[in-house]
Amino acid sequence: MTVDQAREAAVGLGDDLVALSHAIHANPELGWEEYEASARCAEMLSTAGFAITDKPAGLDTAFVATFGSGPLHIALCAEYDCLPGIGHACGHNMIAAMSVGAGLALRDLVDDLGLTVSVMGTPAEEVGDASGKILMLEAGTFDDVHAAMMIHPGPIDAGDAPWKAASMFDVHYHGKTSHAAAAPALGINALDAMTVAQTAIGLLRQHLDPGDQVHGIITHGGDAANVIPHETSGRYMVRAPDLGQLELVRQRVLACFEAGALATGAELEVAGGVKPYAQVRNDRGLMALYEQQAESLGRELVPRSAFGDGRGAASTDMGNVSLALPAIHPLIGIDSLPAVPHQPEFAAHAVSGAADKAVVEGAAALAMTAVAAMLDEVTVARLTKSG
């Protein structure tokens with residue numbers, strides 16, 4: 001049994017994996033609404049003989065597809081939700097295709113390897129709070145898994161890239177309407193409360209550590225210019241290098257919103273943010289194996305040092321998985337620069353020739369990493385013990 005067999009199997013699936021990636025890209029679905037994408041992935045795996053568990057953790061667009069019964073259980077996480085307004089500008093169409101492809105490439109090897117492989121459809125990664133992987137972890141979906149893997153597309157290839165902890169939450173101010181010209185003193189201006197909070201956050205930024213970030217949008221600012229706004233709302237996100245620092249920053253940001261309520265007399269309501277994304281802790285042994293396999297396919301990986309202090313890092317709920325069990329979350333490049341994730345130009349690149357090549361090579365790299373891990377007795381013993 002060699003890694004070459006996994007590579008050849010993934011390459012042989014190339015046309016089908018690219019078709020899956022393009023189909024998901026052509027029909028972007030928001031988090032918790034990925035009915036077609038999850039069904040496509042599950043059907044492809046079911047046709048290949050994988051046993052399908054629908055709606056794990058009670059999530060309509062989640063699934064677990066499992067093949068084999070070996071003592072070591074590796075999960076491949078598939079994401080497939082898009083971003084509002086800009087579609088697959090994070091390339092989740094590729095993530096789904098790579099993880100499905102890796103699972104299919106391993107199918108005929110699991111018996112000889114002594115492996116159980118699961119492809120997990122993990123919805124709503126972009127929602128920023130209480131997402132698919134977090135809820136599946138809480139429900140025990142990962143309890144019998146010894147290691148989890150996935151690959152995220154980006155402008156460049158990298159192994160141990162930095163990923164921050166993050167908390168997303170909604171804020172609502174409740175005030176009182178009145179005529180904006182004839183009787184403004186009788187109103188309580190909820191938009192003023194939001195303005196005070198945003199000003200306070202702007203001033204707070206001077207005192208945050210370099211790795212801490214705050215950003216957000218107003219989702220509702222009022223209904224008419226001549227009516228004192230009685231309802232305003234926003235969605236904000238706080239990021240920090242780890243969960244401990246994240247909570248410190250979140251409390252300081254919440255104090256800014258409380259200041260808006262205090263200054264105006266509006267009532268503040270905060271929803272969400274209690275199930276944040278953790279920082280990613282890549283398993284060093286598995287990441288070393290992945291880097292070897294990716295480089296053998298001709299991928300040129302940049303070192304972690306290329307990201308500097310990591311203050312511009314993104315976030316993922318794969319971080320929560322990585323704190324619960326050995327996991328890796330590398331990047332695979334699609335030659336998109338100057339376009340970067342969360343730009344519409346990146347969404348266009350996610351179905352480019354470079355992206356299609358990355359889908360096949362990413363699936364191969366994941367499958368080859370699983371085989372390499374199974375062929376190493378020390379790795380198998382360590383992962384089995386960690387479970």
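Within the bounds of the range 95-103, is there any residue that is surrounded by fewer than 24 Cβ atoms within 10 Å (Cβ to Cβ) and more than 17 Å from the chain's Cα centre (by Cα)? Within the range 95-103, not a single residue is surrounded by fewer than 24 Cβ atoms within 10 Å (Cβ to Cβ) and more than 17 Å from the chain's Cα centre (by Cα).
Selection of the range 287-310 for residues being of a type in the set (Asp, Glu) and either surrounded by 16 or more Cβ atoms within 10 Å (Cβ to Cβ) or not assigned by TED's automatic domain parsing to the domain that holds Leu375 (or both) yields only Glu291. Residues in the range 144-184 that are buried (at least 22 other Cβ atoms within 10 Å of the Cβ), among the β-branched types (Val, Ile, Thr) and outside any strand (DSSP E or B): Val145, Ile151.
Can you spot a residue in the range 72-81 that is among the small types (Gly, Ala, Ser), modelled with pLDDT of 95 or more and surrounded by fewer than 22 Cβ atoms within 10 Å (Cβ to Cβ)? No, the range 72-81 has no match at all. The selection criterion, being within 17 Å of Gly128 (Cα to Cα), aliphatic (A, V, I, L, M) and surrounded by fewer than 22 Cβ atoms within 10 Å (Cβ to Cβ), holds for Ala313.
When the range 14-44 is filtered for residues that are surrounded by fewer than 24 Cβ atoms within 10 Å (Cβ to Cβ) and assigned to a loop (DSSP other than H, G, I, E, B), the ones remaining, listed by number, are Asn27, Pro28, Glu29, Leu30, Gly31, Trp32, Glu33.
Scanning the range 199-219 for residues that are surrounded by fewer than 18 Cβ atoms within 10 Å (Cβ to Cβ) and either closer than 20 Å to Leu262 by Cβ or more than 26 Å from the chain's Cα centre (by Cα) (or both) gives Thr199, Gly202, Leu203, Leu204, Gln206, His207, Ile218. Residues in the range 229-239 that are surrounded by 19 or more Cβ atoms within 10 Å (Cβ to Cβ) and touching a strand residue (DSSP E or B) at 6+ places or on another chain (Cβ under 7 Å): His230, Thr232, Gly234, Tyr236, Met237, Val238, Arg239.
Just name the residue that is nearest to Arg7 (Cα to Cα) out of those in the range 332-387 that are part of a helix (DSSP H, G or I) and in contact with a His (Cβ under 7 Å, 6 or more places away or on another chain). Per the criteria, the residue is Ala355. Filtered by the rule that a residue be farther than 30 Å from Glu125 by Cα and among the aliphatic types (A, V, I, L, M), the range 161-190 gives Ala180, Ala181, Ala182, Ala183, Ala185, Leu186, Ile188, Ala190. Restricting Leu268, Leu289, Leu254 to residues that are free of Cβ contacts under 8 Å to residues at least 24 places away in the same chain and either of a type in the set (A, V, I, L, M) or part of a strand (DSSP E or B) (or both) narrows the list to Leu254. Exactly one residue out of Asp376, Asp335 is modelled with pLDDT of 95 or more and acidic (Asp, Glu): that is Asp335.
The values are calculated or read from the model by the stated rules, or taken from the named source; none is laboratory data. Since the structure is predicted, the reported quantities are computational estimates derived from the model, not experimental observations. Using ideal geometry, Cβ is built from the backbone for each residue, glycine included, and neighbour counts are taken over all protein chains shown.
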